[in-house]
Amino acid sequence: MKGFELYEPTTVKQAVDTLTKLGPKAKVLAGGSDLVAGVMKDWVEGAGMPLPSALVDITTIPQLRGIKVDKTGATIGANTTLTEVVESKALNEQFSLVVQAAHSVASPLIRNFATLGGNLNQRPRCWFLRGKEFNCYKKGGDFCFSVGGDNRYHAVIGGELCYIVHPSDTATALLALNAQAKIAGPAGERLVPFDNYFIGPREDVLRENVLKPNELIVEVFIPTPAPGTKQTWMKLKNRQVYDFALVSVAAAFTVENDTWKDGRIVLGGVSPVPYRATVIENQIKGKNIKSGIKQAAAVIRTVARPMSMNAYKVDIAQNMVERTILQALG
Ligand SMILES: Cc1cc2nc3c(=O)[nH]c(=O)nc-3n(C[C@H](O)[C@H](O)[C@H](O)COP(=O)(O)OP(=O)(O)OC[C@H]3O[C@@H](n4cnc5c(N)ncnc54)[C@H](O)[C@@H]3O)c2cc1C
Ligand code: SF4
């Protein structure tokens, strides 16, 4: 374990001021399941990934925890644990997609202290990134080891320079629910829809989202879905015990006379950012779902660019989209 200074602000302003004063050497700390257990223990340094010397613990800010639901939607504080999301009756009633996704994360023990904000902002799991010997693009190096190496779990869509897959299950579900993040920084607060929150390697290979070093998510807002919206989640893992998604599918959509009216299909485990499959949505819109979804799901092949060892993910993604949508129809 590496040593670090610990700061414990009690307000968002104090947290932002501390992050601003300390600069990029400081990191936000929530439940610590990724940052402390995974990263500070065996931090893999690189020019683009310096070892943080200070952690700003935001779990000491009471305002960041809790769930509120009203007519407009659900507001979930960034420090709300995944267990609290899973056990919320109000979320289960109207926002079951995020509940199912949160329930599929890790194990009960981890969900008890892992927070929603931490789950959305966790670093990717690429084994080259987390291995000391590989100074890849994401650490500020000049090579991607997944291209010629073992890339069975890497991206099949949207990879360029770097082929990580975004690790967060709740991110996939929140994008399907058209949610947004409230971000606090030195200039105050701003709202960023998850459509624009995640950053792929093409934009900046050193980051995964729009947050600046002195910003944090304070809460997530999910608008109330249209009446009758079908919400469904499916995740395929390598093992039955806790594991990250090989492929996951989050769908939220409305149906009229058996046809697809409106909605979103988002895939996890296939791309450096949660991937909104607009190619499939456009194909199924206005069509009979039962007779059209097989053909629509196959359109994923037009955007997929598998690597040497992961073409199997494209087959899985196609079949899972079809299965997930049919399951939602019951
Ligand atoms: C064995 C194991 C299995 C796992 N399986 C899964 C899985 O199946 N699916 C899945 O989605 N995840 C999985 N995870 C990841 C786990 O869910 C995350 O580690 C956890 O959700 C992170 O939450 P935390 O509160 O502990 O975050 P921390 O470890 O405290 O922080 C994680 C990152 O987020 C940043 N951060 C935290 N809160 C905020 C905020 N409010 N604003 C801005 N930045 C913030 C931190 O700076 C840090 O970079 C697994 C982890 C383990 C150890
Ligand atoms: S996929 Fe990204 S994180 Fe993994 S080795 Fe390549 S550049 Fe590094």
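Throughout, read-outs are computed from the coordinates displayed, never taken from laboratory work. Keep in mind that this is a model prediction, so the values were computed, not measured. Neighbour counts run over all protein chains shown; Cβ positions are idealised from the backbone, glycine included.
Computed quantities for the displayed model
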{"quantity": "Cα shape, the chain, gyration tensor, a/c 1.5 rule", "calculated": "oblate"}
{"quantity": "For residue 10, net neighbour charge (Lys/Arg +1, Asp/Glu -1) across residues whose Cβ lies under 13 Å away", "calculated": "-1"}
{"quantity": "Amide hydrogen neighbours beyond the local backbone of residue 114, cut-off 5 Å, H modeled", "calculated": "82"}
{"quantity": "Long-range amide H partners of residue 276 with built H, under 5 Å", "calculated": "267"}
{"quantity": "Total formal charge among the other residues, if their Cβ is under 14 angstrom from that of residue 218, Lys/Arg +1 and Asp/Glu -1", "calculated": "+2"}
{"quantity": "Gyration tensor verdict on the stretch 138-180 (Cα atoms; rounded if a/c is under 1.5, prolate if a/b is larger than b/c, oblate otherwise)", "calculated": "prolate"}
{"quantity": "The stretch 230-329, Rg to Rh (Cα coordinates; Rh as Kirkwood inverse mean 1/r)", "calculated": "0.97"}
{"quantity": "Trypsin sites (Lys or Arg not before Pro) lying in DSSP loop within the stretch 21-118, provided at most 10 other Cβ fall within 10 Å", "calculated": "41, 71"}
{"quantity": "Share, in percent, of DSSP beta bridges within the chain that are antiparallel, nearest 5", "calculated": "85 percent"}
{"quantity": "Amide H contacts under 5 Å for residue 29, placed H, 5+ residues apart", "calculated": "56, 57, 58"}
